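Note sheet for the following structure.
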Amino acid sequence: MSDRYDLLVIGGGVNGTAIARDGAGRGLKVLLAERSDLASGTSQASSKLIHGGLRYLEHLEFRLVRESLKEREILLRTAPHIIRPLDFVLPWTASRRSALRVRVGLFLYDNLAGRTSLPSSHQVNLRRTDWGRGLKNHYRLGFTYSDCWVDDARFVVLMAMDAANHGATVLTRTAVTGLEAKGNGWHATLESSSGEKTIEAGMVVNVTGVRAQEVASDIAGFNESRGVRLVKGSHIVVPRLHAGNHALILQNDDRRVVFVLPFERRFSLIGTTDTPIDSPDSEHAVDEAEIEYLLRAVAPYVKQVPGTDDVVWSFAGTRPLKNTGDSDPSAVSRDYALELSRRDEAVMLTVIGGKVTTARKLAETVLERVGPFVPSMGQPWTASARLPGGDITDTEAFHHNLHARYPYLPRPLLDDLADRHGVLCNDILEGCSTLKDLGKDFGGGLTEREVAWLQDNEWAQTAEDILWRRTKCGLHMSPEQRDRFASYM
Ligand SMILES: Cc1cc2nc3c(=O)[nH]c(=O)nc-3n(C[C@H](O)[C@H](O)[C@H](O)COP(=O)(O)OP(=O)(O)OC[C@H]3O[C@@H](n4cnc5c(N)ncnc54)[C@H](O)[C@@H]3O)c2cc1C
């Protein structure tokens, strides 16, 4: 006999894991199936911001911005080790938006969501303050405001861990390849390297990102078009362009904005483009033209202008957006849509779009929608719950105590572990009394002990899972070190 679940969640990105976590915590029997690694879709390739989206105000997306700003506050408390405040500086230039327009936008941004723990926006003199570091000298007027930074791929993994802690079954490298309506539920075919198996599910949530249309039609047989368009965004990583912990938001001559974020201490992350694509198969491909676009966008602003040879890493992610008929991809709403499809008594909910920022709230909305089709379940609970490792009230004191507890371990290594795992780094380091106890040093801040933890607790299986999603150690390693690590795995 096959296993029976209340809820089958297809897709292990930020939205799928948030839904699985919420559902499991409400007492549902949940199965999450991800065909590759957790966060291997768009959720590893976002701009890594927990933000309202200042630029969405220009498109009058007040609902989305308000909801996102409220979520920003909740998520800061939920996972302070992987979500941190980030100040932005907008250097003003007369040839772009007027100063009045920027001030009005920032006023709305400060006030749309009510009280926030982050500082409100300010006008600053870039020549006389540290906010101007790295910028060309002719920029004098600037504006600062606050948002948050997130390690997007780790956010996904922590939600999967929490889902499992609440009883969900999380299967990675397991694709859903068949869905057959049976009575008031589904028979789902799951395919993995160990073969094929069938499970039963009362309700299915299709959270497969750019594949949502394909899963709904080719696998579940719902042929109506979801009117989705795909818009790809690329990012590049270069050696640090400016000192300080703040980010830059730069207005481009096509009215788009480009971010320059401090990244992995030594680097700057520049993004993003907005390129319509026809097929999800090219969701992760970064084009030469996109690299040129990003380099051109920062060149008028920064003293140290980067060139193509400075690009040490690049990545792209693709958004499925509801087709509104707008020709400008930047103007299409970033809000999510939920679509219910029925075959007789069997019901499937498809999620289209959404942001990393709103994943928790989206999950609450999804559970409200699936409520009538699953056994009775508990109340919303995630707004006040911490994610694994996130039980930290004072980050500085937490790092300080860690240094004191492990004086024989290098501080940068401890800081990286703390930033990735929060209080769980104590579990990783348990019984460790010398540096040698961490086992092999693979370079880039990665040790054998952490690798074992990632394999045992975080579904990591390949070198890529570890070097580019569970950590960003790959960025700090030489090509030879990466090859050696791949052979080790
Ligand atoms: C360039 C860019 C920048 C962005 N920046 C931000 C930002 O800064 N802040 C923010 O809040 N949001 C941002 N977003 C939005 C955000 O990244 C996405 O909305 C979010 O990651 C989507 O998550 P998801 O879980 O819906 O999809 P995905 O992360 O794509 O997950 C879908 C998963 O489904 C799996 N799957 C597909 N088919 C099957 C199958 N048959 N069986 C099992 N599994 C399957 C895939 O392998 C994949 O892992 C950005 C988006 C883009 C494109």
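State the answer as a single residue: which of 422, 475, 454 lies farthest towards the positive end of the charge dipole of region 395-488, with beta carbon charges of +1 for Lys and Arg and -1 for Asp and Glu, about the Cα centre.
Most positive-ward Cα: 475.
Tell me, what ³J(HN,Hα) does each residue in region 69-81 have, in order and in whole Hz, if you take phi through Karplus 6.51 cos²θ - 1.76 cosθ + 1.60 with θ = phi - 60° and put x for Gly and Pro?
Calculated HN-Hα couplings, in order: 5, 5, 5, 3, 5, 5, 5, 4, 6, 6, 8, x, 7 Hz.
For residue 436, go through the lysines and keep the ones whose alpha-carbon is under 29 Å away, minus same-chain ones fewer than eight residues off.
472
For the chain, what is the percent of antiparallel DSSP beta bridges, rounded to the nearest 5?
Taking every DSSP beta bridge within the chain, about 75 percent pair in antiparallel fashion.
Which FRET efficiency, nearest 0.05, do residue 396 and residue 4 yield, Cβ-Cβ r, R0 56 Å? Walk me through the numbers before you get to the answer.
Working: r = 48 Å, r/R0 = 0.86.
With a Förster radius of 56 Å, E is 0.70.
Distance between Cα centroids, region 275-299 to region 93-164: provide it in whole Å.
About 24 Å separates the Cα centre of region 275-299 from the one of region 93-164.
What is the spin-label model distance, in nm, from residue 243 to residue 432 if the labels are put 7 Å beyond Cα along the C-beta direction?
3.2
GluC sites (Glu not before Pro) within region 144-251: which are DSSP loop residues with at most 10 other Cβ atoms inside 10 Å?
Counting only loop positions with at most 10 other Cβ atoms within 10 Å, the GluC sites (Glu not before Pro) in region 144-251 are 224.
Once R0 is set to 25 Å, what does the formula 1/(1 + (r/R0)^6) return for the Cβ-Cβ distance between residue 127 and residue 252, expressed as a FRET efficiency to the nearest 0.05? Write out the running numbers ahead of the final one.
Working: r = 23 Å, r/R0 = 0.91.
Plugging the Cβ-Cβ distance into 1/(1 + (r/R0)^6) gives 0.65.
Please identify every one of the chymotrypsin sites (Phe, Trp or Tyr not before Pro) in region 1-103 that sits in a loop by DSSP and has no more than 10 other beta carbons within 10 Å of its own beta carbon.
Sparse-neighbourhood loop chymotrypsin sites (Phe, Trp or Tyr not before Pro): none present.
How long is the gain from residue 84 to residue 197 if the chain were fully straight, where each residue apart is worth 0.36 nm and the alpha carbon distance is subtracted? Numbers along the way, then the final one.
On the way: separation 113, 0.36 × 113 = 40.68 nm, distance 4.14 nm.
Separation in residues times 0.36 nm, less the Cα-Cα distance, equals 36.5 nm.
Using the alpha-carbon centroid of each, what span in Å lies between region 237-266 and region 364-408?
A separation of 30 Å, based on Cα centres.
Gain in length, residue 296 to residue 218, computed as 0.36 nm per residue apart minus the alpha-carbon separation, to one decimal in nm?
Full-extension gain reported as 24.0 nm.
With the Cα gyration tensor of the chain giving a ≥ b ≥ c as the square roots of its eigenvalues, does the rule (a/c under 1.5 for rounded; else a/b larger than b/c for prolate; else oblate) give rounded, prolate or oblate?
oblate
Straight-line reach from residue 303: which lysines have Cα under 25 Å away, leaving out those fewer than 8 places along the same chain?
Excluding near neighbours in sequence, the set is 48, 136.
Using a simple spin-label model with points 7 Å from Cα along the Cα→Cβ vector, what separation in nm is obtained for residue 403 and residue 184?
About 6.0 nm separates the two model spin labels.
To the nearest 500 deg cm²/dmol, what mean residue ellipticity at 222 nm is calculated for the chain from DSSP H runs of n ≥ 4 alone, each contributing -39,500 (n - 2.57), summed and divided by the residues?
-8000 deg cm²/dmol
Can you return the lysines within cross-link range of residue 197? Criterion is Cα-Cα under 23 Å, with same-chain partners fewer than 8 residues away left out.
Those lysines meeting the cut-off are 29, 182.
Could you work out how much longer the chain between residue 304 and residue 376 gets when fully extended? Use 0.36 nm per residue separation minus the Cα distance between them, nm to one decimal.
Stretched out fully, the residue 304 to residue 376 stretch lengthens by 20.0 nm.
For residue 62 and residue 141, what does the FRET efficiency come to when R0 = 30 Å and r is the distance between their Cβ atoms, rounded to the nearest 0.05?
Approximately 0.65, to the nearest 0.05.
Values in this text are rule-based calculations from the coordinates and carry no lab data. Just so it is clear, the structure is predicted and the values come from calculations on it, not from any experiment. Note: ideal-geometry Cβ built from the backbone for every residue, glycine included; neighbour counts use all protein chains shown.
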